[in-house]
C-alpha cells in the first residue's frame, strides 16, 4: 500500500531531521513517485548526479532506500523503504527497550547503530575505540548526552571491546539486531519477482499452464522467500557461545529450558553486561531489526492495556508471559506470501510453571486480586479442578511433566470454569499468610521436595493468568493443562480490541458521552435508524440528530439511504446510520501522522527561534561541560526553556508513535 | 294490536337483556355480543312458529342502541358492546356528528385517536370534526394527548383514561419528553451499586515491591509486627501529602479485581430487587426497564457482562470507569493537534500552520 500524503510528509520530515535536507529531498521524491532510475531522479530532484550519489549513499547506508539492478536494461532503480523511514521516529523507544533489558551499554550500542545504519562489527569496534581515545582528549562525540554513568569512570557505558561484543551477542540473541544480508537491499517486490523469474526459468520452462502449476509456482516462491529470510537469521556462531539458533522459529520444546534460564538472568539479575570472552566475527554486518523491536514494543503496549483493564500485578505477570512468547515470535504481522501459515490453532505458548519459574521475585502474585469467600466462587468448577489435579498427579509420578498432550483437554468455556483452589483462610492481603500450611499441603502432596510456598506461588500465578483469560479482551487463551495450565496469546484479536478501545477513548473525548454511546451502539448493533437509536440510547431525538450530524461531519459515522419504493422520495426512504471501524482506524492513523509532522515542524521552528543559545551549547570547546558552568543567567533560562519545549515535543512524538504502532504495525 | 301488547314488553326486555350483558362485559372488556348470544339469553320470546323472533330482537336492540347503552361494532359481522349507564349518559345530548367523533375516540381507548384517522373514517368535513371536538372537549368528555411515538400528531383520548405505555414511552418519559435527568440518576445508582460489587478495596495494597523481598520470615514476633504496622501506617500518613491526582490514582490502584470465576457480581434480578427494596424512585421499574439502562451502561463502556455458573448473566464494572475524564484521554488529544478546530487547513505556508499556531504557543508555555 502506498503511503498516504500525511505519511509521506512525516517520513520526509523524519529523514530531514535525522540526515539532513539533501537526503530528505531525494527520499521524498522516491516516496511520491515510486521507483526511479538515477536519471529521472536527477530530473525530479533538480540535483546534480554527484549530489544525488552522495545522498543515495547515505540513504542506502541507513537502509532507507532499496536498489535493484535490472539486468535486461542495465539500469538501477531506487525505491524508498517507508518502514525504515518510519522506524526513525521509533528510535528513542527502541533504545529505551534495549536499556531496560540489557542495560545502558546496550542502549549506547543501539544508538550507535542508529547513527551508522548498517555496519560491520569491526567498524563498530573502531568507532568505539576512537571514541574512547577521543574522550581522553576531551573531545567525545555528541551522543554522550544519553549516557548515564554507571561506573563513574567513563562517559561511555561501553568501556571495553569485550563488553561491546557481549552486548552485541545479547542483542543478536534477542533479535533486536540482525545480520545484514544482500537481499535486504532489494525491495520485497523485487525479490519476489526475481525469484519468480528464476523459478519460472528453472522449473517451468518460462511460463505456467493451468491453475495447478500456478499454485505450484506460488508454493515454490514461498519456500524460496522463506529460505532467503532464514538466511538473515542470527545463527549464534560466536565463539564460546552455546548455539541458540531456534530463538526465531521456535516451536521447539527441547530448547525451552535453557532459554528460560537466559530469560531469568535478564529479568531478575543485574542488567550490567560483563565481558564473557566471546567474540563475534569482525566481518559480520549488522543493523537494527525493526520487526523484532516492534514485537517488544507491542508487548509493552499489551501490558499497559492489561494494567488498565485488570491491575498492575496481573499486568506484570502478563509481561513475563509475553517475554517468554517474545522469543518465539519474530514479527508482529505475518506476511502470507512469505510465511507458512500454519493451520495450528494455537500459536506459541507457555505454561504456568515456566512462567512462575522466571517470574521476578519482586512480583508478589498473592496481591492484586480481591478476596472472595469460597462460596462466591464456582464450587462445581472447583470439583472439576480437583479431579484434574488427581490426573495430573499421575502424570507427574510417571515423570512426564512437559511432554505429551494434556490428560483431559476440557473445552474452556469462557475460561471461568477453571478456578484456583485458594481457600477461605488464604487472604492474599495478610502479612503472614502462613496460617494453614497443613491444609494447603494436602492439595499438593505429590511433590515431595517442594515447599508449600512454591506450590502456592504457582497457584497464585495461575489465578492471575485465569483473570487474564477470562477478561473480555481475552489476553490469554488456555490450550492445555500441562505444567499447571498452558496458555497462548491471540495477538490479532487482542490488538483489535486495543484499537477499539483507543478509538473509543478518542470518541469519548471528541464527541462526549452521547457520541461515544451512539458510536459503540452502532458498532455493536450494526446499522440503525434514528428511531431505534432514540429507544436504545435513551437520548432525546433532537440531541441524537445533532450529535449524529456532528459525527458524520467528522467522518466517524455515515448514513445509508434505503428507498422503500422506486420513487426514491425522501419520505419514502429509510435512513440508516452506521459506524465503520476500519475507516475510523484509518482516520486516527492519518490524524496521528499529520499531528506528528506538525510537531516535528514546530520543533524545527522552536529550535530556530532559540538558535543563539543552542548554537552556544554546541560549540566544540564547551559541549562536554554542563551548560550551567558556562552560560550566564539569562542564557541559562533561555536554554532551560527551549530544552523543556524540545522535550515536550519529542515526548509527544513518542506517544503518538504508540498510536501508529497500534494501528499500523502490531 | 301487536304493537300495543309488545310495547311495555319492549322496555322490560331491554332492561333484562342489558342487565344480563353488563356483568359479562365487565368481566371481559373485549367481548363482543352477536345476534346468537342475545337469543341464547332466552329472554326474547320465540315467535308463534317457535323460531327466533328476529324482528322483536331488532326492535329491542335498536331501543338499547338509541339509549346508547349498546354500541354497534363490526367484529366480523354485526355485534354489540355494552356501555355502562354513566357512559351512556355522556352520549345523550350529542349531535350525530359529535356522537360519531366521540365513538371513534372512545374506540381508540388508551391509545388515543388521531384526528386524521377520525376524519378519514367518519368522512366528515374538517370543520365539522373540529367543532365536534371542541364541543366534546368543553363537555370534558375527551382531552388532548401527546404520543411519544408520533410527537407531531394531534391526538385525543377519553378524559377518564390515561395514555398507555406505548404512547407515553414507559417510565422514561415525563409529559411526552424523554426524562434524561431521571434516566441518568437511575443509571448512576445502578452503576454505583455494580461498581461497589465489582472491586475489592484493599487498604494494604501498595503495588509491586520495589526491592527484592528478603527471605520469607517464618514467624513474626509481636514487636516486629508492630514495627511493620507502624511502618505501613507511617507510609499512609505521608500519602496525605500527595497531590490530588496521585491520591486519586492511589485509590484507583487499590481497587483490585475479583478472582476469575467470581460469582457474586450483581445480576439483573438482584439489581431490580435492590432498586425496588430501597424505594429510590416513586415509579416501579420492571426488570426489562432496568435491562434497557444496563444496555446503555454497556454502550457507555462502563460495565460489561459476565457469565456466571448459574447460567445467568451478571454485570461488572470496568476498571477504567473509575477514572474521571482528565485521567484517561486519547493520546492524540494531548497535543494541540488532536483538538485543533482547523486541523484540516493546517499546513506549513498555509493560513494556519505549525509556525504561527496559537495552540502550540499556549501548550508549550504550560
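Structure summary
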{"quantity": "Cα shape, the range A:591-666, gyration tensor, a/c 1.5 rule", "calculated": "prolate"}
{"quantity": "Distance (nanometres) between label positions extended 7 Å along Cα→Cβ at residue A:283 and residue A:219", "calculated": "3.8 nm"}
{"quantity": "Shape call, the range A:514-623: gyration tensor on alpha carbons, a/c limit 1.5", "calculated": "prolate"}
{"quantity": "Per-pair calculated FRET efficiency, R0 = 60 Å: residue A:123 and residue B:196 via Cβ, rounded to 0.05", "calculated": "0.40"}
{"quantity": "Overall form of the range A:494-579 per C-alpha gyration tensor (a/c, 1.5; a/b vs b/c)", "calculated": "prolate"}
{"quantity": "Relative exposure of B:172, B:114, judged by other C-beta atoms within 10 Å (fewest first)", "calculated": "B:114, B:172"}
{"quantity": "Whole-Å distance, taken between Cα centres, linking the range A:96-126 and the range A:614-666", "calculated": "21 Å"}
{"quantity": "Added length on full extension, which subtracts the Cα-Cα distance from 0.36 nm per residue, residue A:207 to residue A:621", "calculated": "142.3 nm"}
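Quick note: the coordinates plus some simple rules give every number you see, no bench work behind them. On a predicted model such as this, the values are computed, not experimentally measured, just so you know. Backbone-built Cβ (ideal geometry, glycine too); neighbour counts: all protein chains shown.
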